[in-house]
Structures are given as structure tokens and as C-alpha cells.
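Novice: Encoded as C-alpha cells, here's the structure I'll be asking about.
All of the numbers you see were taken from the coordinates with simple rules; none came from a lab. What you are looking at is a predicted structure, and each value in this text was computed from that prediction instead of being measured. All Cβ positions, even for glycine, are placed from backbone atoms using ideal geometry, and neighbour counts span all protein chains on display.
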């Protein structure tokens, strides 16, 4: 696993917790999506503007290991790296750690495909945007 | 893969769709959770009452393959089966199909662990409740 | 208050409940939106197709009285009527009742404005679609 | 209207936007709730710990005026004040402003009631916690 190249900080909001008093399992996918979009933005790619150009990154596969639950009041950080796989897939490695003690909360591998006018491609604006991360990211 | 043993019907609500005009990827985990809870209820297990007894099924791992997006107006069915794995894990196989044409939308394997007073066990009320499904479910 | 002209049935999903074990107050606005969109659909107006034509109903003001909380396992019905106000506003009266005993859960007045290319108007397709409800709805 | 006594900063997350490309109207209630809970915390009151003591603030009435929509990428601040009304009600005045230009996005009056063991009271820990705000807040 390569070093992380991007971090997004969060804190749990009470409405994200369910009857069990812990963050609902679906909410983590919202956290992961927000962290990926913040990374894209840092790389110069705006999700909304991409959509306006008919370029839509979509989630193709999600593998999520829930290690420990987040609770009301917790602060946490979502750390990210990625790897290009084949011609059109990007695998995002996204791990969530609790801020107070660094405890590992969740590990995820999210495979995304970029659709341009509905067809899977990896547009040049993506490969260009990602160039600055190539040294640290695990791109083959 | 065994036959399905439970089905839950849904329709897409517009607030579940995002900027791309399709159901947001996190929302599918909400659908899957609701379908599991409906299955538990059909088996005689009430998620909320279990929690009141300090018995909490939690998601341990999620593997989700997104095959085709749901859109505003779509009706769909979430079909389910499960398998016990080891002493304390239950793997739910959950597939979503569009109602109009039976198109496969999503395949998921959700591994759950039941916590009783915070410790992983498979309580007797679970094994009892699941007995009626043993012929059709793939229980070892 | 005129009679209701449309009803949408729901059941509480566990992920909609929060730490307090009751449906989170924001979720009711999602229920109300879904019920309005179902009414529009029954009237022949598809929210998504309207958006594709740059016709966007938006919420202008919400007044919501929370009478009694919904809990895990509750079934309920959202009943609706509306009134046109002035040239461009539509006020939706939306009340939620628990199914088992008819208990009033919530009363809401949601004022919507329809934007066409960003400007408030009440398009002819709306006034046409609503005509069949004029006898029962309280339209001036 | 008195001066604001508390501010919470946010940024729009893309999953909060709907088909219209703007923040869904129900999501604002989530923002408002989070801002109230942050204020309570600043006043020394932890929503989750209160619940553990059977003290539950609940929303009794919401009045929300939607002035201008938030979009993908927007940063905003939710400013708050409150007023005690009668013996058991607290009215929170909550206004949302866009960060870049101070544009008013939303005005809300959220009336809350605190339930202790299910009965409406204003517990001493609330009146004590709020004392430090009495000079600036509009308490009668």
C-alpha cells in the first residue's frame, strides 16, 4: 500500500447516527464520496463541471471493511490514494482514522469508471490532472 | 448461488438521485439495509427490539458491484439469500433488479456480525428464527 | 381546510431513525417531497422530465408542525391538498397520519414556486394538469 | 432580531445536491440541526449524553424561508440566536449565508421543546448552560 496523497477532515453529525447510536453504515459511503470529490478538486477536477461536460465518474465496485464504529462527537480523517487499473478503471484506496487516537475505523477500495457521453474512457483531463501525483501514487 | 428466499419492493424517490440524475451510490446501502431488516422481520426478528435487548447486528464487510444505475421513476426489487460463515458471521447475498424488464442493477455481499453486549456471537434467537429457511438457504 | 385529493403510503425505514430512536426531523421533508412528486405524477407531471425542460418547482417556504414522532416499524400515509396563491405560488397542505390508529403525526404547509428558465411562472402545463382537481381542491 | 451568538461553518457536499443540481430542501434541516447541536455543545450540553439521561430536545415547529439555493462547491455559515418562549419552548433563529459574498440563503425559526422522561420541561442544566448567553440572546 503506497503512502496517502490526500486527506479530508470530518466530524460526525448527530443526524448521521442511527438507532444503534453509531454512524449508519451507508453514511460512510457519503464520507468516501466527499473525500474523493475533494481530492479531484485538489487535482483540478470539479465533479459538477465535469458533469456539465458529460463526463461522469461513477462507482463500479465498492469493497468496504468496517473495523470500528464512529460515534456522536467523533472527529476523523479520510486518507486516500489511488491506482489506475487497465485503461479505464481507477481504484481509490480510502481509509478512515479517528482523530483523537488514530484508531483505524474503515478500509475501502472504491473502483470508479469515468463515463464520457455514457462510454467508459479515461479522459485526458484526468490523466493530466493526476500527473502531479504519479510519483507518490501507485500508478503502473 | 442458492435461490432467493426474500424480496422487498421499492421505488426510487427523487431526493435519492444526485447531480448526475441517478440514485447516489450510498443510497443503495440504505436500500440493502432496509431489505435485510424486512427479511429479519419476516423471520421474526425486530431490529429495534433486538437493540433494546443489547443485540445489534452490524455490517462487517460490504462488497457491492454496481451494474447499471437506477433513475427517477424506476421501480425495483431487492432479492436476498444468506449463508452462515463460521460461528458468528452471516453473509447476505442481495441483488437488485429493475421491475419493468428484470435488468440486474446491483449485486452485493454484505457480511454481518451480531454483537450481544458488544461481543460477537450468533444468538439462539437468530439460529431459531433462521431454521425455516435452512432448506432453501445455503446454510452449512 | 378542503378534503385531501391525494395520498401516498410509506413505512419507516430503520436508517431514517436517529439516536433518539425516532424518525429524524429532516426525513419528514423527504417524505413530504416524495408525496408531492407522486401527486404531480398522478396529475401527469413528471418532476424529472420537467427539469429536462428547464421547469423546476422549488420550495419557497416550509411550515411544519411536529405533533407526534414516527418510530421503527410504523406505517403511515401522507395526505395532500393544495391551493394556488397569487399568480405563481402553490401551497401544498400535507398531513401525515399513522396507519394503525389514524394518529396525526405532522401538519405541513409547503409553498412552492415553479421556475421556468430560472424565472417564477405557473406554466400552462401545471394549470392544465391541475384542472381535474379544481372541484375538490381549494383553488381561487 | 438580536445579534447572532453562535456560528457553524459548512461546505456543500455533492451527495447533498439533487437532480436540480442544488442542495435538496430537506438537507437544510440537517444543516440546521447540526448547527444547533454545535451551539448546545459550546454551551456545555452534549445531545448524545442528554439522550442517555432521558433528556431529549425535539423539534416542535419549523418555519423555513428558502431565499436562494446552495450549489456544489459553495461554502456557507449558519448563524444562530435563540429566545425562550413560555416555560418550555426555545425558539432558535437560524440564518444561512453564503461565504463568498454574504448572500442570505435561508432564514429559519425552529421551535424546540425539551422532553425529560417524555414530558416537556426546561431542565435546570439548560437554563444554567444558557446563562452566559443571556446578555446577548433575547431572553425574557
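Novice: At a Förster distance of 30 Å, what's the computed FRET efficiency of residue C:128 paired with residue B:71, Cβ-Cβ distance as r, to 0.05?
Specialist: So the FRET efficiency works out to roughly 0.70.
Novice: Sticking with this structure for a sec: What percentages, rounded to whole numbers, describe P(r) for the protein assembly as shown computed over all alpha carbon pairs with 20 Å bin width beginning at zero?
Specialist: 20, 55, 25, 1
Novice: Divide by every residue of chain C the summed helix terms, -39500 (n - 2.57) for each DSSP H run of at least 4, and state the resulting mean residue ellipticity at 222 nm, rounded to the nearest 500 deg cm²/dmol.
Specialist: Computed mean residue ellipticity for chain C: -6500 deg cm²/dmol.
Novice: Then there's this: Can you tell me which of B:20, B:84, B:30 moves the most in a GNM of chain B? Springs connect C-alpha atoms under 10 Å apart.
Specialist: B:20
Novice: Along Cα→Cβ at 7 Å, what distances in nm separate the residue B:54 label point from those on the other copies, shortest first?
Specialist: 1.9, 6.0, 6.3
Novice: Inter-copy label distances at residue A:4, 7 Å along the Cα→beta-carbon direction, one decimal in nm, shortest first?
Specialist: Those label-point separations list as 3.0, 3.9, 4.9 nm.
Novice: Alpha carbons only, please: Rg and Dmax for chain B, in angstrom.
Specialist: Final numbers for Rg and Dmax: 15.5, 45 Å.
Novice: If you don't mind, there's one more thing I want to ask. Could you give, in nm with one decimal, how far residue A:131 is from each other copy of that position, shortest first, with labels 7 Å out from Cα toward Cβ?
Specialist: Nearest to farthest, the other copies are at 6.1, 6.4, 6.8 nm.
Novice: Continuing with this model, one more query. Hey, in the GNM for chain A with a 10 angstrom Cα cutoff, which one of A:42, A:108, A:26 fluctuates hardest?
Specialist: A:26
Novice: Within region B:80-101, whose backbone N sits under 16 Å from a point 7 Å along Cα→Cβ of residue B:3?
Specialist: Inside the label zone: B:80-82.
Novice: Here is a further query. Only Cα pairs within less than 10 Å get springs; with that Gaussian network setup on chain B, which residue of B:124, B:23, B:113 has the largest fluctuation?
Specialist: Of B:124, B:23, B:113, the most mobile in the Gaussian network model is B:124.
Novice: In whole Å, what is the distance between the alpha-carbon centres of region C:62-80 and region A:75-140?
Specialist: Cα centres, region C:62-80 to region A:75-140: 41 Å.
Novice: Compute the long axis of helix B:27-42 from its Cα atoms, compare it with the longest principal axis of the Cα atoms of chain B, and write down the angle in degrees, 0 to 90, nearest 10.
Specialist: The helix B:27-42 is inclined about 40 degrees to chain B.
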